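Below is one structure, written out as structure tokens; comments come after it.
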Amino acid sequence: MVFVRQTKFIFAHTLGDIRFYSMFKIIKKNEFNNYEMLKNSQNKLLKKMITYSYNQVPFYKKLFEKYVFNSINIGDTIWK
């Protein structure tokens, strides 16, 4: 019965947004990770997003170059 409810839940939300199931899987996978694992995972995703925006979006490339983000060190040092 739980499986049927969960399947209905996933299917109903996937109809509204096709990205729902992929995000749902990530959330379920990370549900019980400790703080350090979550922080490292978030830093990897943030670094990937910043690198992508620097390489693909001219506005962000100019912005990053203006503020001298030559080597991006994601973690505690960049956010102080």
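Data table
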item	result
Condition met for LYS66 (modelled with pLDDT under 70 and loosely packed, with under 11 Cβ neighbours inside 10 Å)	no
Which numbered condition PHE59 fails, given (1) modelled with pLDDT of 90 or more; (2) assigned to a loop (DSSP other than H, G, I, E, B)	(2)
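The values are calculated or read from the model by the stated rules, or taken from the named source; none is laboratory data. This one's a predicted model, so the numbers in the text were calculated from it and none came from an experiment. Note that we place each Cβ from the backbone using ideal geometry, even for glycine, and neighbour counts take in every protein chain shown.
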